[in-house]
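To keep things clear, I will list the structure first and then write my remarks on it.
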Amino acid sequence: MRKIETKSTVLLNHHLKALKLPTILAECEKVAARCAKENVDHLGFLLQLCELELLERERRAAARRLKAAKLPTPKVLDTFDFTAAPSVNKPLILELMKCEYIEQRENVILIGASGSGKTHLATASAVEACGRGKRVRFFRVTELATLLLEAREERQLTRLRSQLGKLDLLVLDELGYVPASRVGAELLFDVISRAYERSSVIVTTNLPFEEWTEVLCSERLTGATLDRLTHRCTIVETGKESYRLREARRRRRGASAEEA
Ligand code: ADP
Ligand code: MG
């Protein structure tokens, strides 16, 4: 169908652009035709257009937040196989995906062996939070420690702290792989302290709490960090087994059963 340009469509295009309503601009003719066919009244037509604009705006904002969160690979819960992770409490994870802990400014600690799905679950929670309008930032602990040390050297700590202070959810992935330096540990603790009761933190770790001292370099700091993190906190255990190892073993068993 050829688009007929009248004075009013030209003006409408102009006004919708000026008002920054690109979805209404793109969709209005199509929706007008459908509404005419279905006998939808003027207010119903306007409502449909507003809903489309709003939905598209929310989608774009979620995409922007997701980009700003800097997730390594944005995983979703749909690809998490709970049958392959019997240690993981499924109802608890489904509850976490509702992001109410963020409203309550509570924390989450995911604890389990390497490869047991901690980063997958932390990232899926981050994606969910972005979709619900939360400001999220993902860091590997070593990456954040380095960033904090650099910012300190360049006298940019205040700026970095204020950026972190604007977040609703801070994800600290892999506490425990590389011990932070004493100064790095102090700076990390400072971030956790500032987040305390103001925003939520998700920490993933392969270390039992007793061993956190090795990473944070001091009993005092470990005690104080754990105190803050675990005060209002959900602890999720992901188990002692790596998902990939378990899958590889399962496939091998399947193959040998076929051979037999
Ligand atoms: P961790 O952070 O505990 O070391 P990851 O979350 O990085 O482990 O998991 C390692 C890999 O295995 C990732 O690609 C992840 O998507 C996958 N994985 C782990 N657990 C599961 C699971 N239960 N279902 C599907 N994929 C999983
Ligand atoms: Mg991980």
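The values are calculated or read from the model by the stated rules, or taken from the named source; none is laboratory data. What you are looking at is a predicted structure, and each value in this text was computed from that prediction instead of being measured. We place every Cβ from the backbone using ideal geometry, glycine too, and count neighbours over all the protein chains shown. Ligands, DNA and RNA are excluded from the accessible area calculation, which covers all protein heavy atoms including side chains. Shrake-Rupley method; radii C 1.70, N 1.55, O 1.52, S 1.80 Å.
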**Request:** Go through (1) within 10 Å of ligand 1 (Cβ to nearest atom); (2) in a helix (DSSP H, G or I); (3) of a type in the set (D, E, K, R) and name the single condition K75 misses.
**Result:** (2)
**Per-region count, region 81-105, residues surrounded by 16 or more Cβ atoms within 10 Å (Cβ to Cβ), in a loop (DSSP other than H, G, I, E, B) and under 15 Å from the mean Cα position of the chain (by Cα)** = 3
**Asked** Considering region 224-252 alone, what residues qualify as being out of contact with any strand residue (DSSP E or B) (no Cβ under 7 Å at 6 or more places or on another chain) and surrounded by 15 or more Cβ atoms within 10 Å (Cβ to Cβ)?
**Response** A224, T225, L226, R228, E241, S242, Y243, R246
**Message:** What's the total number of residues in region 106-128 that are aliphatic (A, V, I, L, M) and in contact with an Asp or Glu (Cβ under 7 Å, 6 or more places away or on another chain)?
**Reply:** 3
**Request:** Within region 150-180, work out how many residues are surrounded by fewer than 17 Cβ atoms within 10 Å (Cβ to Cβ), of a type outside the set (V, I, T) and more than 19 Å from T204 (Cα to Cα).
**Result:** 13
**Asked** Within region 198-223, which residues are surrounded by 14 or more Cβ atoms within 10 Å (Cβ to Cβ), away from ligand 1 (no atom under 16 Å from the Cβ) and of a type outside the set (A, V, I, L, M)?
**Response** S199, S200, F209, W212, T213, C217, S218, T222
**Request:** Pull up region 18-68, narrow it to residues that are of a type in the set (A, V, I, L, M, F, W, C) and not in a helix (DSSP H, G or I), then point me to the one that is surrounded by the fewest Cβ atoms within 10 Å (Cβ to Cβ).
**Result:** L19
**Asked** Going through region 13-63 one residue at a time, which ones are over 27 Å from G131 (Cβ atoms) and either under 33 Å from the mean Cα position of the chain (by Cα) or among the β-branched types (V, I, T) (or both)?
**Response** K17, V40
**Item:** Failed item in (1) within 22 Å of L164 (Cα to Cα); (2) within 16 Å of ligand 1 (Cβ to nearest atom); (3) not in a helix (DSSP H, G or I), with T119 passing the rest
**Value:** (3)
**Selected residue (criterion: farthest from ligand 1 (Cβ to nearest atom)) from residues of region 125-149 that are over 17 Å from T205 (Cα atoms) and open to solvent by less than 20 Å² (accessible area, probe 1.4 Å)** = L148
**Test set (1) assigned to a helix (DSSP H, G or I); (2) touching a helix residue (DSSP H, G or I) at 6+ places or on another chain (Cβ under 8 Å); (3) farther than 24 Å from E150 by Cβ - D227 fails condition number** = (2)
**Request:** Search region 183-205 for residues that are farther than 20 Å from K166 by Cβ and pair each with any residue that is within 16 Å of ligand 1 (Cβ to nearest atom) and among the basic types (K, R) when their beta-carbon atoms are under 6 Å apart and the residues are at least 6 apart or on different chains.
**Result:** T204/K118
